[in-house]
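Undergrad: Right, I'll just put the structure down here and ask away after.
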Amino acid sequence: MKVRELLTAFAATALLTLAAVPPAHATVVTHTVTYDLDGTTLEGFLAYDDAVTGPRPGVVVVHQWMGLTDNERMRAKMLAEMGYVAFAADIYGKGIRPTNQQEASAEAGKYYGNLPLLRQRVQAAVDVIKGNAKPKDGNDEVFQSVDDSKVAAIGYCFGGGAVLQLAKSGADVAGVVSFHGSLGGGEPDDAKNIQCPLLVLHGAEDPYVPQDQVLAFLDEMKAANVDFQFTAYSGAVHAFTQKEAGSDKSKGAAYNEKADHRSWQAMKDFFAEIF
């Protein structure tokens, strides 16, 4: 057999061997992480791929008004599979998990009515993921691998508004993403404090965020010369990323598969830019 034929046969054998080897799968490690702010114990959720080494970006995930649930844990795991260290924050406090809309409204109202406290609670999670605040339970090793110049915050509904308030506080983060979040709150001049790009993903038919609030937000961002992107998804109402919201748009909150997928892709593109 000629040399060229031998090399061809070897290459073919090597390819068949590689094809027979199953692809490696990321191993996502998760932990409950307790941390403290001014004497209040908070209980977040950490997710990361233990096969990734070296500095990597971190993403804080802020929950909707029902508190930290499986939905935010799912998103944190999805982010971990992308190679990020993901930390789902707890705004309400350990053990405070509303069980119905009335309780959720009352709990969220405490923070809508006290924006400095809301901003502090989100900042506390940022401090943890950056390694600037030590968790109470010692689960802090992976936080040392986070590149603190590449930390973003994302949030859903209540959490979407919360991460926008984080940005308005002048927080040192690489970017903020709001999924169907509230757009009001604070003073118009607060936008001048924003130091990072924003990505706002909105349901075009969201009755809980009326058009006048949308227009006021856009005017506020433009007046402050903020680097922002605003996308409204046709046919989508409030909570369009949450399957548990059901499919009845007439209720004002409903899952929209197309908007869910498109908004997640928009977030990924945004991260590719800022990171």
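The values are calculated or read from the model by the stated rules, or taken from the named source; none is laboratory data. These numbers were taken from a predicted model, which means no experiment stands behind them. Positions of Cβ are backbone-derived with ideal geometry, glycine not excepted, and every protein chain shown enters the neighbour counts.
Undergrad: Which of the residues spanning the stretch 176-192 are surrounded by fewer than 24 Cβ atoms within 10 Å (Cβ to Cβ) and outside any loop (DSSP other than H, G, I, E, B)?
TA: Pro188, Asp189, Asp190, Ala191, Lys192
Undergrad: Can you tell me which residues in the stretch 193-235 are crowded, with 21+ Cβ neighbours inside 10 Å and part of a loop (DSSP other than H, G, I, E, B)?
TA: Answer for the stretch 193-235, where residues must be crowded, with 21+ Cβ neighbours inside 10 Å and part of a loop (DSSP other than H, G, I, E, B): Ile194, Asp206, Val209.
Undergrad: Hey, can you tell me all the residues within the stretch 102-129 that are without any contact (Cβ under 8 Å) to a residue 24 or more places away in the chain, of a type outside the set (Lys, Arg), more than 17 Å from Ala167 (Cβ to Cβ) and not in a loop (DSSP other than H, G, I, E, B)?
TA: Scanning the stretch 102-129 gives Gln102, Glu103, Ala106, Gly109.
Undergrad: For the stretch 68-77, indicate whether the set of residues that are among the small types (Gly, Ala, Ser), in contact (Cβ under 8 Å) with a residue 24 or more places away in the chain and farther than 29 Å from Asp227 by Cα is non-empty.
TA: So far as the stretch 68-77 goes, no, none of its residues is among the small types (Gly, Ala, Ser), in contact (Cβ under 8 Å) with a residue 24 or more places away in the chain and farther than 29 Å from Asp227 by Cα.
Undergrad: With respect to Lys150, is the statement that it is surrounded by fewer than 21 Cβ atoms within 10 Å (Cβ to Cβ), touching a Pro at 6+ places or on another chain (Cβ under 6 Å) and within 23 Å of Ala124 (Cα to Cα) true?
TA: yes
Undergrad: Give the residue that is surrounded by the fewest Cβ atoms within 10 Å (Cβ to Cβ), with candidates limited to residues of the stretch 236-275 that are under 16 Å from the mean Cα position of the chain (by Cα) and outside any helix (DSSP H, G or I).
TA: Selected residue: Phe275.
Undergrad: Given the criterion in a loop (DSSP other than H, G, I, E, B) and without any contact (Cβ under 8 Å) to a residue 24 or more places away in the chain, identify the matching residue among Asn139, Asn132.
TA: The match here is Asn132.
Undergrad: Being modelled with pLDDT under 95 and out of contact with any Cys (no Cβ under 8 Å at 6 or more places or on another chain) narrows it down to one residue among Asn100, Asn132, Asn114; which is it?
TA: Asn132
Undergrad: So the check is Cβ under 7 Å with 6+ separation or different chains; which pairs have a first residue in the stretch 184-201 that's under 20 Å from Ala232 (Cβ atoms) and a second one that's outside any loop (DSSP other than H, G, I, E, B) and among the basic types (Lys, Arg)?
TA: Partner pairs satisfying both residue conditions: Ala191/Lys168.
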